[in-house]
Amino acid sequence: MNRIDECATDPALPYNVFAKACPSRGTLEHITGRWGALVLGALFEGSLRFNELRRRVDGVSEKMLSQTLHALERDGLVDREAQPTNPPRVDYELTPLGREVATRLLALIHFLEGSMDDVLDARRRYDDARGRR
């Protein structure tokens, strides 16, 4: 296991996402950033080609999807497989580690989706208390 002394505050836990220099923070940002969680969740359903994934993750630009996939691939969460066809075919799928991360993210996503009435009520109360619309 690679261990960075700047992020080890507990010998039992060699990485600390709260430490600025710890590489775990970058991975957390890749996973929980604007597009990372959506890409991982979409790939949980199975292998997708780039444009299929772009359609599934509504609103992501080609550039941002490409950057997100590169970051997730570098972190070992996504596999990219290029098929030697004409035109070239590239498929993306989760690695075992990516599948574990996506499972946990989807639990949060499903909880959030099921709690949206409460969230929207809280927003209304907040806005009403501050005279916003």
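The values are calculated or read from the model by the stated rules, or taken from the named source; none is laboratory data. Bear in mind the structure is a predicted one, so any value in this text is a computation, not a measurement. Backbone-built Cβ (ideal geometry, glycine too); neighbour counts: all protein chains shown. Ligands, DNA and RNA are stripped out before the accessible areas are found, and what is left, the full protein with its side chains, is counted by its heavy atoms. Shrake-Rupley method; radii C 1.70, N 1.55, O 1.52, S 1.80 Å.
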Do we have Asp117 as loosely packed, with under 10 Cβ neighbours inside 10 Å, over 19 Å from the mean Cα position of the chain (by Cα), assigned to a helix (DSSP H, G or I) and not aromatic (Phe, Trp, Tyr) here? yes
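For the structure I just gave you, tell me whether Leu48 is open to solvent by 30 Å² or more (accessible area, probe 1.4 Å) and in contact with a helix residue (DSSP H, G or I) (Cβ under 8 Å, 6 or more places away or on another chain).
yes
Within the group Val78, Val119, Val90, which residue is free of Cβ contacts under 8 Å to residues at least 40 places away in the same chain, under 19 Å from Arg54 (Cβ atoms) and among the β-branched types (Val, Ile, Thr)?
Going through Val78, Val119, Val90 in turn, just one is free of Cβ contacts under 8 Å to residues at least 40 places away in the same chain, under 19 Å from Arg54 (Cβ atoms) and among the β-branched types (Val, Ile, Thr): Val78.
Residue-by-condition table, conditions (1) of a type in the set (D, E, K, R); (2) closer than 21 Å to Leu43 by Cβ:
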residue: Gly59; (1), (2): no, yes
residue: Lys63; (1), (2): yes, yes
residue: Leu69; (1), (2): no, yes
residue: Leu94; (1), (2): no, yes
residue: His110; (1), (2): no, yes
residue: Asp127; (1), (2): yes, no
residue: Arg130; (1), (2): yes, no
Look through the range 78-114, keep the residues that are in a loop (DSSP other than H, G, I, E, B) and touching a strand residue (DSSP E or B) at 6+ places or on another chain (Cβ under 7 Å), and return whichever of them is most open to solvent (accessible area, probe 1.4 Å). Pro88
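Does Arg133 qualify as being open to solvent by 80 Å² or more (accessible area, probe 1.4 Å) and modelled with pLDDT under 95?
yes
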Give all pairs with beta carbons closer than 7 Å in which a residue from the range 52-73 that is of a type outside the set (A, V, I, L, M, F, W, C) meets a residue that is open to solvent by 100 Å² or more (accessible area, probe 1.4 Å) and not in a helix (DSSP H, G or I); count only pairs at least 6 apart in sequence or on separate chains. Glu73/Arg80
Has the range 32-45 got any residue that is open to solvent by 90 Å² or more (accessible area, probe 1.4 Å), out of contact with any helix residue (DSSP H, G or I) (no Cβ under 7 Å at 6 or more places or on another chain) and part of a helix (DSSP H, G or I)? no
With the structure loaded, tell me whether Arg54 is at pLDDT 95 or above and either part of a loop (DSSP other than H, G, I, E, B) or surrounded by 10 or more Cβ atoms within 10 Å (Cβ to Cβ) (or both) or whether it fails that test. yes
